[in-house]
Amino acid sequence: MFQGPLTESILQRAQDEGKIEIHFHDLRTFGQGNYRQVDDKPYGGGAGMLMMAEPIVSAIEKVTAEAQQKKKPYRIYLSPRGKKLTQTRVERIAKKYPWIILLCGHYEGIDQRVIDGGWIDEEISIGDYVLTGGEIPAMVLIDAVARQIPGVLGKDESAAEESFSEALDRKKEYPHYTRPEDFRGHKVPDVLLSGHHAEIEKWRKEQLQ
């Protein structure tokens, strides 16, 4: 599922240039029995299946041990129950944690003991809705965090002044225009053609939402 979104354009270039590294680990590698089972029926009954604790914890521990990093990874579980992903949270993750492990949930979620036992540091949701798995939220988080890494966008100011950034007071970005000056009767605001930088800056601040 990760082919395409993470292997094209800016993110692929960032990997090629060594700005970021992205590795994938299949939980079924750590599954139990001949069928590499990673899920089972939930205690107490109910619809759906639940991801088992053992394969998840084994995967996290093995990946952590094999990486031989000096710093401990920051382990995030993508879940509808998590804290909502915001630009503020994205910037905090990008600045504070150089190594992140993302756990993509499936089915009815994961055994709560993975979280209670200390193998997860934070639960994050990309919105108040439910998806079929945590892969798409993981891609969203990777893309958002990668943009904050110096050099990934080419010009760092591209990430500094955009919607919800600290530089824009966490507000939505101002409108943008390019050529032609008149498109089917819709004209570029005069102030943007004036060359008066102070007035342009003032106009842009007034347009923030």
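The values are calculated or read from the model by the stated rules, or taken from the named source; none is laboratory data. Computed from a prediction, not measured in an experiment: that's the story for all the values here. Note: ideal-geometry Cβ built from the backbone for every residue, glycine included; neighbour counts use all protein chains shown.
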Only helices (runs of 4 or more DSSP H) wholly contained in the stretch 68-179 count here; list those with 1 or more residues that are of a type in the set (Gly, Ala, Ser), in the same structural domain as ALA53 (by TED's automatic domain parsing) and within 30 Å of GLU54 (Cα to Cα).
87-96, 135-146
Determine if the stretch 3-10 includes at least one residue that is of a type in the set (Ser, Thr, Tyr), within 27 Å of VAL152 (Cα to Cα), in contact with a helix residue (DSSP H, G or I) (Cβ under 9 Å, 6 or more places away or on another chain) and free of Cβ contacts under 8 Å to residues at least 40 places away in the same chain.
yes
Evaluate the stretch 22-33: report whether one residue or more is modelled with pLDDT of 95 or more and within 30 Å of ALA167 (Cβ to Cβ).
yes
If you scan the stretch 63-79, which residues turn out to be closer than 19 Å to ALA138 by Cβ and surrounded by fewer than 17 Cβ atoms within 10 Å (Cβ to Cβ)?
VAL63, THR64, ALA67, TYR74
When TYR107 is run through (1) at pLDDT below 95; (2) closer than 26 Å to SER165 by Cβ, the failure sits at (2)
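Results for (1) in contact (Cβ under 8 Å) with a residue 12 or more places away in the chain; (2) on the phi > 0 side of the Ramachandran plot; (3) of a type outside the set (D, E, K, R), shown as yes or no for each residue.
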residue	(1), (2), (3)
ALA144	yes, no, yes
SER165	yes, no, yes
ARG179	no, no, no
HIS196	no, no, yes
Take GLY48 and decide whether it is outside the structural domain of GLY133 (by TED's automatic domain parsing) and either surrounded by 14 or more Cβ atoms within 10 Å (Cβ to Cβ) or not in a helix (DSSP H, G or I) (or both).
no
Looking across the stretch 1-21 at residues that are among the hydrophobic types (A, V, I, L, M, F, W, C) and not in a helix (DSSP H, G or I), the single one that is modelled with the highest pLDDT is ILE20
For the stretch 83-135, give me each residue that is small (Gly, Ala, Ser) and either under 16 Å from ILE60 (Cα atoms) or out of contact with any helix residue (DSSP H, G or I) (no Cβ under 9 Å at 6 or more places or on another chain) (or both).
GLY105, GLY109, GLY117, GLY118, GLY133, GLY134
Odd one out for TYR35, checked against (1) of a type outside the set (D, E, K, R); (2) part of a helix (DSSP H, G or I); (3) more than 14 Å from the chain's Cα centre (by Cα):
(2)
Is it the case that the stretch 90-98 has a residue that's surrounded by 15 or more Cβ atoms within 10 Å (Cβ to Cβ), in contact with an Asp or Glu (Cβ under 9 Å, 6 or more places away or on another chain) and of a type in the set (A, V, I, L, M)?
yes
